[in-house]
């Protein structure tokens with residue numbers, strides 16, 4: 001008997017009619033003989049509604065503990081409604097909050113991390129042929145305080161449950177029918193991938209792809225949980241995320257996908273001293289401001305000075321510029337400049353490990369499209385470049401064509 005953990009969220013459970021449709025899909029799975037554990041998110045728009053009410057009650061900043069108590073109710077509504085729909089269809093079902101399942105987390109409210117899960121109650125229900133419905137996105141800490149896992153945390157809840165239950169597969173149902181070679185809204189010829197590796201999916205998620213939460217992919221890779229992305233609204237096989245050694249012909253694909261991020265900003269500190277500690281003097285205080293730095297490039301020194309360039313999230317751009325300009329004299333810099341009208345475009349593929357000339361093909365395709373590259377970074381399975389924002393769609397399409405990723 002196959003044990004499947006299925007996650008439904010957002011638009012998949014956006015209305016009572018859609019919740020009934022989910023119940024019907026689960027009924028079909030039950031009829032096929034599958035054991036099913038279902039993780040649900042709040043109904044579409046519910047979390048934002050709850051956040052707005054919290055801001056209204058406490059405009060100066062909401063208490064993190066009480067915010068978790070409030071936000072966790074969104075998933076509880078969905079799980080109860082889904083169980084009622086399943087019961088109405090003649091199926092045995094039982095719902096659990098994160099606390100009832102005993103999803104134990106640390107005490108970092110609004111961004112907690114899972115430490116342990118007690119699945120004894122779930123396993124007992126499965127033996128009784130019940131469909132188990134669990135509220136995603138939430139758990140409890142050692143003091144029994146309700147905690148939440150952060151935006152997209154229901155994906156993580158599902159993968160964690162699948163790992164502990166040793167499920168045959170964790171299926172994430174969304175409003176898309178799988179992982180594509182790039183965003184079809186940018187490149188209409190984008191192709192749905194049958195398979196992609198954990199490494200590739202993790203890179204694509206971190207580089208801008210919004211299909212899956214990064215933590216969920218990390219969790220799945222760490223515990224080797226086969227992860228499948230499927231559509232809630234269309235039948236199909238979706239995309240299986242797994243290890244590359246399970247499918248030898250995956251090595252044939254040099255590039256599996258193209259990711260892009262529009263939330264980028266570039267900062268350059270000109271003519272800083274070329275000596276040990278300079279990079280830390282710049283980036284250390286920025287890190288203390290809880291600002292993440294992405295791409296970092298330092299050019300070759302000339303006459304004891306060098307230019308130091310890095311990227312940050314666009315929302316942090318003004319704070320970074322203000323800090324650097326205030327401390328420019330201490331850093332020994334002659335100028336601080338920046339641009340928040342840039343994007344990062346990346347090609348990703350495990351096949352890049354065994355194929356030479358990928359970078360040159362990427363650079364040639366962008367050059368032929370008249371696109372200048374500002375920054376370049378590489379790893380074993382990705383190459384990222386920073387380009388002007390206005391060239392983003394053109395760049396993605398040029399690279400998609402260069403590496404033959406269009407629909408077959």
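Read-outs throughout are calculated quantities, based only on the coordinates presented, and are distinct from any laboratory measurement. The structure presented is a predicted model; accordingly, all values stated were derived computationally and were not measured. Positions of Cβ are generated from backbone atoms using ideal geometry, with glycine treated the same way; all protein chains shown enter the neighbour counts.
Some notes on this structure:
- Distance between region 176-203 and region 20-59 - C-alpha centres, whole angstrom: 25 Å
- Angle in degrees between helix 278-288 and the longest Cα principal axis of the chain, rounded to the nearest 10: 30 degrees
- Largest mean-square fluctuation among 349, 14, 45, in a Gaussian network model of the chain whose springs join Cα atoms under 10 Å apart, belongs to 45.
- Cα Rg, Dmax (largest Cα-Cα span) when computed across region 1-86, Å: 15.6, 53
- DSSP-defined antiparallel bridges as percent of all bridges, region 163-292, nearest 5: 35 percent
- Only beta bridges with both residues in the chain are counted; by DSSP, about 60 percent of them are antiparallel.
- Over region 343-392, volume per residue of the alpha carbon convex hull, in Å³: 62 Å³
- Taking the convex hull of Cα positions in region 3-175, its mean projected area over all directions (nm²): 9.3 nm²
- Relative contact order (%) - the chain, alpha-carbon pairs under 8 angstrom, separation at least six: 14 percent
- Spatial separation of Cα centroids for region 86-162 and region 350-380, in angstrom: 43 Å
- Under conditions of 20 °C and 1.002 mPa s, region 185-242 yields 177 µm² s⁻¹ as its translational diffusion coefficient, taking Rh as the Kirkwood radius over Cα pairs in the Stokes-Einstein equation.
- Candidates 195, 49, 94, ranked by Gaussian network fluctuation over the chain, Cα under 10 Å, top entry: 49
- Stretch gain in nm, segment residue 330-residue 11, where the contour uses 0.36 nm per residue and the Cα spacing is subtracted: 109.8 nm
- Contact order relative to length of region 297-378, as percent, for alpha carbon pairs under 8 angstrom and 6 or more apart: 17 percent
- Normalised convex hull volume, region 258-402, alpha-carbon set, Å³ per residue: 125 Å³
- By DSSP, the beta bridges lying fully in region 3-175 are antiparallel in about 20 percent of cases.
- At q = 0.14, 0.17, 0.22 Å⁻¹ the log10 of I(q)/I(0) for region 49-142 amounts to -0.59, -0.80, -1.07, computed by Debye summation with a single uniform scatterer per C-alpha, solvent ignored.
- The C-alpha atoms of the chain define a longest principal axis, and helix 317-326 lies at about 40 degrees to it.
- Space enclosed by the convex hull of the alpha-carbon atoms of the chain, per residue, Å³: 164 Å³
- Crossing angle, helix 46-57 versus the chain [Cα axis fit, 0-90 degrees, rounded to tens]: 70 degrees
- Residue with peak Gaussian network fluctuation, the chain [Cα springs, cutoff 10 Å], from 46, 235, 169: 235
- Packing-based ranking, highest mean first, of 285-294, 130-139 given that Cβ atoms within 10 Å are counted: 130-139, 285-294
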